[in-house]
1. Going residue by residue through segment 31-44, is there one that turns out to be over 26 Å from A104 (Cβ atoms) and not acidic (D, E)?
2. For segment 22-62, which residues satisfy the criterion of being of a type in the set (V, I, T), buried (at least 16 other Cβ atoms within 10 Å of the Cβ) and part of a strand (DSSP E or B)?
3. Could you tell me whether any residue of segment 7-30 is modelled with pLDDT under 95, under 26 Å from S103 (Cα atoms) and touching a helix residue (DSSP H, G or I) at 6+ places or on another chain (Cβ under 9 Å)?
4. What are the residues in segment 83-103 that are surrounded by 14 or more Cβ atoms within 10 Å (Cβ to Cβ), under 16 Å from P20 (Cβ atoms) and hydrophobic (A, V, I, L, M, F, W, C), if any?
5. Pairs, please: C-beta under 8 Å, at least 6 apart or cross-chain, first residue on the phi > 0 side of the Ramachandran plot and in segment 61-79, second of a type in the set (S, T, Y)?
6. What are the pairs, 6+ residues apart or on separate chains, where a residue within segment 90-110 that is within 14 Å of V53 (Cβ to Cβ) has its Cβ under 8 Å from a residue that is among the polar types (S, T, N, Q) and part of a loop (DSSP other than H, G, I, E, B)?
7. Working only within segment 8-21, note down all residues that are surrounded by 15 or more Cβ atoms within 10 Å (Cβ to Cβ) and among the small types (G, A, S).
8. On the basis of being loosely packed, with under 13 Cβ neighbours inside 10 Å and in contact with a strand residue (DSSP E or B) (Cβ under 9 Å, 6 or more places away or on another chain), does L68 make the cut?
Amino acid sequence: MKTINVNVNAGTGGLTFYVPAPCRGVVVGLKAVVSATVAANDTIDIQRNSTSVNLITVGAANVAAGVLLTGTRDTTNKELIFDPDSSTATYKVMKIVISALESANTLVNIEIEFDEFALVNQSD
């Protein structure tokens, strides 16, 4: 298991950026902490191409700065593989999409749990 930490000044959100996959594997966990108050239903989403694999949706009780936010794996797409050697460019990176946030200069610390040993059954 690898832990990938990303710190980004998301400003007021509406931000999309990419993190290279360190090796072949799947995203098994997502956590984040923000430096300012956010709104209920704000999101942080990890995607392969445009398909969500792990999503944080802020609940009404977790809008304060400094609250640990935990993602939920997508039930259908949780085993999508990221691979730096893929022939498909968008499979080589994790796309991170942060929705519009309430406060300017919001810092977001994101922790991605990446499993390079996951057993994944692929269909042909």
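1. no
2. Scanning segment 22-62 gives V26, V27, V28, V34, T43, I44, I46, V53, I56.
3. No, segment 7-30 contains no residue that is modelled with pLDDT under 95, under 26 Å from S103 (Cα atoms) and touching a helix residue (DSSP H, G or I) at 6+ places or on another chain (Cβ under 9 Å).
4. V93, M94, I96
5. Once the first residue is on the phi > 0 side of the Ramachandran plot and sits in segment 61-79, its partners that are of a type in the set (S, T, Y) give G66/S35.
6. Once the first residue is within 14 Å of V53 (Cβ to Cβ) and sits in segment 90-110, its partners that are among the polar types (S, T, N, Q) and part of a loop (DSSP other than H, G, I, E, B) give T90/N49; Y91/N49; K95/N49; K95/S50.
7. Of everything in segment 8-21, those that are surrounded by 15 or more Cβ atoms within 10 Å (Cβ to Cβ) and among the small types (G, A, S) turn out to be A10, G11, G13, A21.
8. So L68 fits the description; yes.
The values are calculated or read from the model by the stated rules, or taken from the named source; none is laboratory data. These numbers were taken from a predicted model, which means no experiment stands behind them. Cβ atoms come from the backbone with ideal geometry, glycine included; neighbour counts cover every protein chain shown.
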